[in-house]
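The values are calculated or read from the model by the stated rules, or taken from the named source; none is laboratory data. Predicted, not measured: the structure shown is a model, and the values here were computed from it. Glycine also receives a Cβ, built like all others from the backbone with ideal geometry; neighbour counts cover every protein chain displayed. All accessible areas refer to the heavy atoms of the entire protein, side chains included, with ligands and DNA or RNA removed. Shrake-Rupley method; radii C 1.70, N 1.55, O 1.52, S 1.80 Å.
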Amino acid sequence: MQELIRQLLAELGEDPSREGLLNTPKRVEKALRFLTGGYNTDVDEVLNGALFTVDYSEMVIVKDVDFYSLCEHHLLPFFGKCHVAYIPRTKVIGLSKIPRLVDIFSRRLQIQERLTSQIADTIREKINPLGVAVVMEATHLCMSMRGVEKQNSFCVTSSMLGAFRDNARTRMEFLELIKLRTAIRTTAEPMAACVDD
Ligand SMILES: [Zn+2]
């Protein structure tokens, strides 16, 4: 990877051998491996021992989870807050594991819609709750830095399953609790979170 990054620097018109860039290929490789580390992380290993049987069915909410991801169209960051809620049927997930789940799927090349769905689908798959909701609010540097569609560089996506999809009151209670003021784009709409040109 480091040789490719040296070539990339040269293609950009830089001199990869100048002092300030000498260790850049090594640093970039290290950073990219960290930022895409989600590919090598096993969900079951992370959740191992953190699923608990309960006999209540009140809404569990983990909000304002910071996340950082890379858009697959430009390899540029998009980042923001993730809010997760679910209503347990028989099982809950240890609270500290929710941000870990968000990390696993964020640290890959992503589009925001798919990232949102993957987190919701994984929670549904692992604990079969009565419902699960995930809302992600993010700024996309591929849009704001390039000066295109500035009004859309902030993007909100959601995935609502089970009770959050079927019951408007449940959904509203969740949205009220995370105090979302922006309009939500649902994953059902076929729009990409960033323009791909
Ligand atoms: Zn992009």
Inset, instruction - Count, please, the residues in region 68-92 that happen to be out of contact with any Leu (no Cβ under 6 Å at 6 or more places or on another chain) and away from the ligand (no atom under 16 Å from the Cβ). - result: 9
Inset, instruction - Could you pull out the residue among L177, L115 that is within 16 Å of the ligand (Cβ to nearest atom) and either of a type in the set (A, V, I, L, M) or modelled with pLDDT of 95 or more (or both)? - result: L115
Legend entry - Those residues of region 37-65 which are open to solvent by less than 100 Å² (accessible area, probe 1.4 Å), touching a Lys or Arg at 6+ places or on another chain (Cβ under 9 Å) and not in a strand (DSSP E or B), in sequence order: G37, G38, T41, V43, D44, V46, L47, A50, V54, S57
Legend entry - Output for region 14-27, where each listed residue is open to solvent by less than 70 Å² (accessible area, probe 1.4 Å) and of a type in the set (S, T, N, Q): T24
Inset, instruction - Examine region 28-36 for a residue that is assigned to a loop (DSSP other than H, G, I, E, B), exposed (fewer than 13 other Cβ atoms within 10 Å of the Cβ) and of a type in the set (G, A, S), and state whether such a residue exists. - result: no
Inset, instruction - Answer yes or no as to whether M143 is buried (at least 18 other Cβ atoms within 10 Å of the Cβ), within 16 Å of the ligand (Cβ to nearest atom) and over 16 Å from F67 (Cα atoms). - result: yes
Inset, instruction - Please work out which one of (1) within 13 Å of the ligand (Cβ to nearest atom); (2) modelled with pLDDT under 95; (3) closer than 29 Å to N48 by Cβ is the condition T187 fails and give its number. - result: (1)
Legend entry - Subset of region 66-112 (residues that are closer than 30 Å to L8 by Cα, of a type in the set (D, E, K, R) and either in contact (Cβ under 8 Å) with a residue 60 or more places away in the chain or open to solvent by less than 70 Å² (accessible area, probe 1.4 Å) (or both)): D103, R107, R108
